[in-house]
1. Read through the list (1) without any contact (Cβ under 8 Å) to a residue 24 or more places away in the chain; (2) in contact with a helix residue (DSSP H, G or I) (Cβ under 8 Å, 6 or more places away or on another chain), then give the number of the only condition that residue 23 fails.
2. If residue 39 passes every condition in (1) in a helix (DSSP H, G or I); (2) among the hydrophobic types (A, V, I, L, M, F, W, C); (3) at pLDDT 90 or above but one, which one does it miss?
3. Can you tell me which residue in the stretch 58-77 is surrounded by the most Cβ atoms within 10 Å (Cβ to Cβ), limited to those that are outside any helix (DSSP H, G or I) and without any contact (Cβ under 8 Å) to a residue 24 or more places away in the chain?
4. Which ones in the stretch 62-104 are at pLDDT 90 or above, under 14 Å from residue 118 (Cα atoms) and in contact with a Gly (Cβ under 7 Å, 6 or more places away or on another chain)?
5. Step by step: first the residues of the stretch 11-21, then only those that are surrounded by fewer than 17 Cβ atoms within 10 Å (Cβ to Cβ) and either small (Gly, Ala, Ser) or at pLDDT 90 or above (or both), then the one that is farthest from residue 113 (Cα to Cα). Which residue is that?
6. Of everything in the stretch 26-57, what is basic (Lys, Arg) and buried (at least 18 other Cβ atoms within 10 Å of the Cβ)? Give them in sequence order.
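The values are calculated or read from the model by the stated rules, or taken from the named source; none is laboratory data. In this text the structure is predicted, and so the values were computed from the model without any measurement. Cβ placement follows ideal geometry from the backbone for every residue including glycine, while neighbour counts extend to all protein chains displayed.
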Amino acid sequence: MTLLTDSSSTSVLGRETAAVLVARTDGVIVATSREAEPMLGRPVQELIGRQFVSAVLDDEHRIERDLVNHLLTLGKSGIVEAFLRRRVRVPVWLRFHFRAIPAAEGRPPFIVIVCSHAGSAAAQT
């Protein structure tokens with residue numbers, strides 16, 4: 001299990017907490033920040049080593065899953081928003097920023113995913 005401990009994940013948006021996930025270009029999550037578990041409502045053990053779309057987005061998120069898969073397949077950056085029904089907390093509207101990082105100096109390409117609150121879940125219903 002890999003946890004990112006850089007404090008920048010909590011200050012990406014000022015006071016707003018953000019979770020950071022790192023995935024291979026095939027979408028498999030290889031590292032997360034500590035904030036991923038409470039924000040996504042899933043234990044880190046359920047995230048590491050799994051495809052982002054299957055670990056985070058339920059079957060009801062068909063459009064969002066297709067969009068994420070499209071971004072990953074093309075190696076493109078983009079933003080996807082989804083209303084998640086977390087297991088241990090109230091539902092939440094989240095924004096996922098995908099940033100494709102190209103290969104460099106012997107390092108393979110990867111995807112950085114920054115997850116933040118997109119606003120009030122109540123306002124989205």
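1. (1)
2. The number of the failed condition is (3).
3. The selected residue is 61.
4. Passing the criteria: none in range.
5. Per the stated criteria, the residue is 14.
6. The answer is 42, and nothing else.
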